[in-house]
Structures are given as structure tokens and as C-alpha cells.
Amino acid sequence: MDELLRRKIALYVLRGIFFACSMGTALYIAETLNNTGQYEADPYWFMMFGGCLAFIVIIAEVFFSKSSISTISSIVFGLLIGFITSYLFIGIISLMVVDLGADRHIVSILKIVSTLIFCYYGIAILLQTQDDFRFIIPYVEFRKDLRGPLPLIIDTSILIDGRIQKLLELDFLDNRIIIPHFVIEETQKLADSPDKFIRERGKRGLEVLNHLIKSKAFGVEISTQRFPAEKEVDQKLLKLCETLQGKILTNDQNLAEVAKIYGIKVLSLNHLFQALKVEWKPGDEFEIEIIKKGENPKQGVGYLEDGTLVVVDGGSSYIGEKVFVRVRNVLQTGAGKMVFASLKEKSREDSQGRQSESTTKNESQNTKTSEEPSKSIPPKNPSSPRKANKKSSKKKAK
């Protein structure tokens, strides 16, 4: 931000100095002509002419500064080719006109007209065929041929996302990072929004932007190209990518689809971090903090570091605590992945409970089997059957 402001101030000062020097030069020419005594020049009108000429030059400079380098190169080479062709044409025509005995004024008019026509044709043809001009002149091309990693043009969605800062700190990207000035303006508008949610996102984007610019290790550049003919920021981004032959780094899915139509390469942080997520499978175990209750009163909900939602059975009683869970199922939804898990401690307790139940059942069965043979043995009777027979025989004898 500060560097961009310094450049603007320096440019305005340069224009002011040029304007003042032009008027001073016009005044000096007027005084020089008056000193010769052959001409009478009004210094006031000469200063006005010098000021108007300087104003026209500044307007032309502002127009050309907003144009791409390929357009400026086309105009310069078009003028050069026009002058060369006109010079050759005038040389041939002059010989013919002189042989015919034509007046010199007619020759001068033909020179002016032919120069204008050939310069116009040179500029017009190169502007329309600037990308194919390399086939006419080998090793010459108006479009910049980039070698190595293509530059990354940052979208507003990337700034308010904030993850680009961590990605650059890890030194994963070797590309030039370019932030357009119109993206900075859009982020500032978001920070000034009356909506609280949008305003917070805009402020976060400005904080990330300031950190990226202040840290020289990231090598972030600010592009001052504005493309005033385009009204929407997305269209300006596409034009800038075509000019710089770069990639768009964005989280906007609609912008990504339009860029692909124009043949522009797109990188998405959402797709990148989605591809780097851990693929959980049934039976995997990990630790997670239970944050709140789920839809089921017995369920607890937690989130992994990558934002994946985890639903834990029996986790409602562990809110605010970290527990070890085992994955039971993974469900893919439109919003992302959902992991269903169960408490690892609970499964152990259940197995232990089942083992204790089985042992108690075995013990009870053993006690039953030990009691059954004792019931089959009759209790001892003092009157044995032999004694009973003796008594009966005694009664019969009586």
C-alpha cells in the first residue's frame, strides 16, 4: 500500500514538472524569436500553446499506461514499419513524378498522404495480428514468453480466506504472487460493508494483505493495471491473466469455470486442502475433542483440524473433553465428509462387561450342576429297611 502511494505521488510530481517545463520552454522560444527581430511572438500565446501541448502529451501517457505492453509494442513497431514502407514507396513514386514533370508541391502532398496511410496500415495490422507476428519476423513476439512457474494472480476470495499466508510460510509455492490493485479496492469495500459478517471477512482480508506485503520473503507484487473498459472485477482478473500469462488462485467456483472457458489455468485452495485431507476408514482410531451434543441426545460432535465433522456415539457425556474414538463409517455429503465413530473406552467396557456376564453365567451353571447330585442322594433315615422288616416280623409273631 505504501509503495503504491509513493509511486502515484512521484508520477504526479513528474507530470507537474513536465507541464511547467513545457510552458517555460514555450516562453523561452517566444523570447528567442523576439530577440532576433524578424518575428513578433506573443509570450502569453506561446505559453498557452506549450501548456496545451503538454496536456495532450500527459493525456496520451495516461491512455498508453493503461494499455498492455503488447499494444504499445504493436503501435511502435507499426509506426516503424509504416515509415519504412512509406519511404520506399515515396522513393519509387518520386522518380515517376519527376519524370512526368510534376510540381514539387504535389510530391510533398504525396509524401504526407502515403506516410499517413502506411503508418495507419502498419499499426492496424499489428494490433489485430500481434500474436501471429512472430511468424513474419523470427524470434520476435509481442507477447511475453514466460519460462518457469507462471505467476499467480490472487483473487479477493483468497485474501479473505487467509490460508494463503500459511501456504507461503511453508514455502510450497515458487510462483510470483501478484495482487491486482482492483482486488485490494474490492477487499476494502468489503471491510466497509454495513453487514457485520462481510465486514469481518473484509478486515481479515486486509490483515492478510498487509502481512503479505510487509513480509519481503513472500515476494508479493502489486499490479497497477486497471482495465477501465471492464466493469466487473472478475473480467478484470481474466484480462490481467491473459496479459501476464498467469494463473488465477481463487475459491470462487463460478470464476474458475469462466476462466477455463477462456483457457486460463485455475488453482483452488479449497480443492488443494480437500485433496490433502486424511482418508479415514472404518477401524481407524484417533483423538478428538467433543464440542457439543448431536441430533441424538447420546451423540457428541467434534471437528478435526481440516474441518471434518465427527459424530461420536455416546459422546454427549464427554463434552469439553478429548477422547479416543474408533471410526465406524464415513459418509460423503455435498458439504463434505462426515465421520461416524464410537468411543474406544466404551467398546472396551462393553467387552469387559460381556466377559464378566459370561463368567457369572458359567459360575451359576457350575453351582447348579453341583447342587443337582446332592438332591438325588436321599437323606439318612435312622430307620433302615432292615429294621423296618424286623419290626414287622415281631408284630406278626405276637
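Every number here is computed from the coordinates shown, using simple stated rules; none is lab data. Every value quoted in this text rests on a predicted model; they were computed, and no experiment measured them. Glycine also receives a Cβ, built like all others from the backbone with ideal geometry; neighbour counts cover every protein chain displayed.
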> Taking neighbour Cβ counts within 10 Å as the exposure measure, how do Thr333, Thr115 sort from fewest upward?
Replying inline: Thr333, Thr115
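For segment 152-275, give the magnitude of the charge dipole about the Cα centre (Cβ charges: +1 Lys/Arg, -1 Asp/Glu; no others), in debye to the nearest 20. Show your work: numbers first, answer last.
Details: 18 positive and 18 negative charges, 31 e Å.
For this selection, approximately 160 debye.
Provide Lys292, Lys231 in ascending order of the number of other Cβ atoms located within 10 Å of each residue's Cβ, fewest first. Display every interim value, and only then the final one.
Details: Lys292 12, Lys231 8.
Going from least to most buried by this count: Lys231, Lys292.
Count the net charge of all other residues whose Cβ sits under 13 Å from the Cβ of Phe46, scoring Lys and Arg as +1 and Asp and Glu as -1.
It works out to a net charge of -3.
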> Using +1 on the beta carbon of Lys and Arg, -1 on that of Asp and Glu, and nothing else charged, what's the dipole of segment 285-346 about the Cα centre, debye to 20?
Replying inline: 220 debye
>> Please arrange Cys119, Cys52, Cys241 by how many other C-beta atoms lie within 10 Å of their C-beta, fewest to most.
In response: Cys52, Cys119, Cys241
>> If you take every residue apart from Leu152 with its C-beta less than 11 Å away from the C-beta of Leu152, what net charge results, scoring Lys and Arg +1 and Asp and Glu -1?
In response: 0
> Using 1/(1 + (r/R0)^6) with R0 = 30 angstrom and r between the beta carbons of Glu230 and Leu11, what's the FRET efficiency to the nearest 0.05?
Replying inline: 0.85
>> Taking the Kirkwood radius as the inverse of the mean 1/r across Cα pairs, report the Rg/Rh of segment 285-346.
In response: 0.93
> Quick one: which of Lys322/Lys344; Lys166/Lys265; Lys260/Lys337; Lys214/Lys265; Lys214/Lys247 span more than 20 angstrom between C-alpha atoms?
Replying inline: Lys166/Lys265; Lys260/Lys337; Lys214/Lys265; Lys214/Lys247
> If you take the alpha carbon radius of gyration of segment 152-275 and divide it by 2.2 N^0.38 Å, what ratio comes out, to two decimals?
Replying inline: 1.00
